[in-house]
Structures are given as C-alpha cells and as structure tokens.
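Notes for the one structure printed next.
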Amino acid sequence: MTTHLVAVWNHAYASTAMEAHLAVLLGHVRAWRDDRDDLDGDGVYVWWGKIRSGNRQQAWAREDAMRELSEELEGDETRELQLYLTDYRSLYVGDVGRISWEDEARSDPGHVPDYYQKDERHCDCWFQLQDIRRLVADDTIGVIQELQLLRNRNYHDRPVSLYGGMVDLPLFVERPDGRQFFDEASYAVLPNNQLWVEFDAESGGSGAMQRELRENLFGDTAWGIFEPVTRAFLATAEKVYRDHQNDDSFDFHAVLGPLAKAVEVEANARLRAAMSRVPERARQAKVDERTVDLARHGALSLGQLARVLGGERDLVQHLGKVITNGPWFTGQMPAVLDALAEARNPGSHSARVSRSVAREWRERIVGIGCQGVLVELAGSTLRASLRA
C-alpha cells in the first residue's frame with residue numbers, strides 16, 4: 001500500500017496557521033487565473049514546514065524514512081502523496097508535490113507564510129502543497145472518524161488515534177481503501193476547473209452545518225460513508241435553503257444544484273467501488289453513443305447514470321449481486337436520477353427553480369418524512385464477502 005503522512009498544526013506556533021497557508025496558496029491561484037503567473041500554473045503552491053521543536057535535543061528519528069519518501073516521490077510523477085493536517089477540530093489533506101530540505105522561508109519566501117521568519121521557526125523539512133482540500137470542518141468527532149480510516153505504520157498498522165496516537169510526527173500511514181483526493185476523477189466533480197482550495201474557499205463556514213447534519217439528520221454511520229465533497233454540497237444546500245426558505249422571489253437552484261451534485265457524487269462513488277467486482281464484459285456500457293469501460297471512465301452525469309443503470313442488463317445483474325442494496329440501486333434509483341436531472345437541468349441554464357420544487361427534492365434527497373435517497377445510497381455498499 002501507498003504511504004502517506006499525518007501532521008498536526010499547533011496553535012501555539014501560529015493561531016491562524018492553516019488560514020495563513022490557504023491565503024498564500026489562494027493568492028498564487030488568483031495570479032495564475034489572472035495570467036499574472038507566467039509559469040503556466042507551476043507557481044501554484046505553498047510550503048508547509050515541519051517545525052522543529054525547540055525542546056528536542058536529539059536528532060529527528062524519522063529523517064531517514066522521510067528522505068526515502070522524498071526520493072520515491074521524485075521518481076514517480078503519478079505518485080499521490082497525501083499530507084493530512086489537523087488541529088483536532090478540523091482536518092485537511094494536502095497534495096505534496098515534493099519535499100525540500102532547504103530553508104524555504106528564505107529561499108522561496110513568496111510561497112511561505114511570513115510567520116515562519118517573523119517568529120524564527122526552524123523546520124526539519126518542507127512540503128510543497130500544490131492543493132489543499134478540507135475534509136472536516138469544526139467537528140472533532142468527524143476528524144476522529146476520518147483518521148480511523150488510516151493505518152499507522154509505526155504502531156502495528158492500527159487505526160490512527162487522535163488522542164494518544166499523535167506522537168513522533170508526522171505519522172507514516174497507509175489507506176487500505178487506496179483513496180485518492182487529487183486525481184482526475186476527484187477534480188471532475190468541481191465546477192469551472194477549480195482547485196479544491198478554491199472550492200472550499202467558496203463554501204466556507206459550512207462546518208457547523210455539517211456537524212448539524214451529521215448529529216441530527218444522517219447519523220455517524222451514513223455521514224462517515226459520504227464523500228467529503230458530498231458533505232460540503234449538502235451543507236451548502238441546507239444553509240442556503242434555511243436562509244431563504246421564506247423568500248418567494250429567491251431562485252432555489254442554489255439549493256437544488258448542490259443537492260443534485262451530492263446525489264451524483266455518491267451514485268458515482270458506489271458504482272465505481274462496485275466495478276472492481278464486475279467482470280470486464282459487463283462493465284462495457286454505452287455513454288453518449290460511445291461504448292466505454294465503466295471501470296476506466298470518469299464520473300457520469302445524472303442522466304448518464306440513469307441510462308446506464310436503467311439499460312445495461314448484464315451490468316445490472318452483476319450489481320444486484322455485489323451491492324447490498326442492489327434492488328433499489330438498479331431498480332428504483334435510475335428513475336430518481338432521471339427525474340432529478342430533469343428538475344435540475346433547466347435551473348442550470350435559464351429557468352428559475354421554485355421553492356416548492358426545491359423543498360420537494362430536499363425532503364426526498366435528505367430524507368425528511370421518508371427514507372432519503374442519500375441514505376439509500378449510503379446503504380448501497382459492497383457486500384462484505386466480496387470486499388477486497
């Protein structure tokens with residue numbers, strides 16, 4: 001399995017450490033978008049320093065292992081090295097482009113928050129983060145759940161423990177599920193070719209709403225199954241709906257759009273996971289007049305999902321065997337996806353979405369007075385006997 005890293009940012013070093021790094025990265029993103037960066041995007045990054053504790057007298061015990069990881073990263077351009085960053089209440093993951101042993105605060109200050117130099121913080125090494133993605137915002141229970149998906153290589157491959165396990169940082173960890181956060185399929189769900197740092201900046205302040213949805217609507221189990229971007233879409237939709245539910249003149253596409261994206265992301269995630277258990281011949285499906293292998297094809301739109309799941313008999317037969325909620329996933333869901341696509345698409349162009357339409361789909365998707373679409377999707381996982 002692939003090795004990744006987990007680190008903690010310490011508020012004693014900088015009370016706004018994460019915000020400072022995000023600000024630097026977003027500044028370079030804006031320069032790139034405005035054509036002020038003549039490096040064709042190569043200047044879009046921020047350095048995250050592994051600060052050396054002033055109390056440490058001995059040599060850094062993990063230096064050799066980190067140098068080996070650095071060489072591995074340099075030797076494989078396709079390698080995704082994930083740096084998980086937490087302050088125990090929130091959790092982010094950074095896309096590490098390379099690891100540096102120079103003092104980047106002095107050699108590349110334009111890509112480093114100024115507190116490193118101002119506070120004379122010395123670092124053992126630096127991580128070049130090309131993008132930063134928020135996984136959990138202001139929800140310690142959510143952080144605990146997310147980190148438990150990782151295995152600590154230096155602690156008998158046990159799940160990462162937020163309390164008691166954060167020693168000898170950064171931790172060297174592995175993801176048994178092989179999940180990637182910065183590949184082409186991950187970015188495909190974002191609008192306008194955004195980076196994750198841009199998407200998160202636009203959906204800021206969703207932490208309290210995400211916690212509210214986890215605690216009082218979906219519960220820990222379903223919420224833990226949802227993709228991180230699904231949680232962000234849900235929180236955005238719910239906040240907008242609550243803020244404008246009494247405004248008759250409001251265009252509720254701002255609610256229906258994110259709800260539809262949440263369903264689209266989850267349906268694709270369940271289908272993608274199932275492809276590892278479906279024979280190659282059954283994975284062949286017609287998408288926009290082309291026959292593609294669903295295991296290698298990117299994310300499908302709502303309409304494409306509806307047509308594939310509603311028309312490919314061989315695929316449907318195998319999905320019914322490998323997915324726990326197979327009869328709903330292949331029987332009822334295609335009609336739901338088709339209707340949702342029809343309701344959402346006019347609002348994506350010119351037609352206004354009414355409050356009544358948004359309310360109806362909100363109730364149906366999140367499960368108000370019914371078994372919601374997203375709860376059904378959360379239950380559409382691989383059968384235990386068929387998991388890798």
Quiz item: Do we have any residue at all in the stretch 167-178 that's without any contact (Cβ under 8 Å) to a residue 24 or more places away in the chain and in contact with a helix residue (DSSP H, G or I) (Cβ under 9 Å, 6 or more places away or on another chain)?
Solution: no
Quiz prompt | Evaluation of A59 against (1) modelled with pLDDT under 90; (2) surrounded by fewer than 14 Cβ atoms within 10 Å (Cβ to Cβ); (3) touching an Asp or Glu at 6+ places or on another chain (Cβ under 8 Å); (4) of a type outside the set (S, T, N, Q) (one fails), failing number | solution = (3)
Quiz item: Looking at (1) assigned to a helix (DSSP H, G or I); (2) at pLDDT below 95, which is the one condition that is false for V24?
Solution: (2)
Quiz prompt | Which listed residue is not in a loop (DSSP other than H, G, I, E, B) and not small (G, A, S), from R121, R134 | solution = R134
Exercise. Output the number of residues of the stretch 64-86 satisfying the condition of being crowded, with 16+ Cβ neighbours inside 10 Å and closer than 18 Å to G49 by Cα.
Key: 10
Quiz prompt | Matching residues in the stretch 140-174 - criterion: being open to solvent by less than 10 Å² (accessible area, probe 1.4 Å) and assigned to a loop (DSSP other than H, G, I, E, B) | solution = L150, V160, L162, P170
Quiz item: Looking at the stretch 77-91, is at least one residue touching a helix residue (DSSP H, G or I) at 6+ places or on another chain (Cβ under 8 Å), within 23 Å of K118 (Cβ to Cβ) and among the aromatic types (F, W, Y)?
Solution: no
Quiz item: Within the group Q117, Q128, which residue is open to solvent by 60 Å² or more (accessible area, probe 1.4 Å) and either without any contact (Cβ under 8 Å) to a residue 24 or more places away in the chain or under 16 Å from Q82 (Cβ atoms) (or both)?
Solution: Q117
Practice problem: For the stretch 376-386, indicate whether the set of residues that are among the polar types (S, T, N, Q), crowded, with 20+ Cβ neighbours inside 10 Å and closer than 29 Å to Q284 by Cα is non-empty. | Solution: yes
Quiz item: Are any residues in the stretch 51-100 free of Cβ contacts under 8 Å to residues at least 60 places away in the same chain, acidic (D, E) and in a loop (DSSP other than H, G, I, E, B), and if so, which ones?
Solution: D76, E77
Self-check item: Filter pass, R344 being modelled with pLDDT of 95 or more, assigned to a helix (DSSP H, G or I), among the basic types (K, R) and open to solvent by 10 Å² or more (accessible area, probe 1.4 Å)
Solution: no
Quiz item: Only one residue in A137, A105, A188 is hydrophobic (A, V, I, L, M, F, W, C) and open to solvent by 30 Å² or more (accessible area, probe 1.4 Å), so which one is that?
Solution: A188
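Yes or no, residue by residue, for (1) in contact (Cβ under 8 Å) with a residue 12 or more places away in the chain; (2) farther than 23 Å from R364 by Cβ; (3) in contact with a strand residue (DSSP E or B) (Cβ under 6 Å, 6 or more places away or on another chain):
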residue: N216; (1), (2), (3): no, no, no
residue: V229; (1), (2), (3): yes, no, no
residue: R242; (1), (2), (3): no, no, no
residue: H253; (1), (2), (3): yes, no, no
residue: P258; (1), (2), (3): yes, no, no
residue: V263; (1), (2), (3): yes, no, no
residue: V278; (1), (2), (3): yes, yes, no
Self-check item: Any pair with Cβ under 8 angstrom, 6 or more apart, that starts in the stretch 305-322 at a residue that is over 19 Å from L337 (Cα atoms) and ends at one that is among the β-branched types (V, I, T) and surrounded by 14 or more Cβ atoms within 10 Å (Cβ to Cβ)
Solution: H318/V278; V322/V278
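The values are calculated or read from the model by the stated rules, or taken from the named source; none is laboratory data. Predicted, not measured: the structure shown is a model, and the values here were computed from it. Every residue, glycine among them, receives a Cβ derived from its backbone with ideal geometry; neighbour counts consider all protein chains shown. Note: accessible area is taken over every heavy atom of the protein model, side chains too, but ligands, DNA and RNA are not part of it. Shrake-Rupley method; radii C 1.70, N 1.55, O 1.52, S 1.80 Å.
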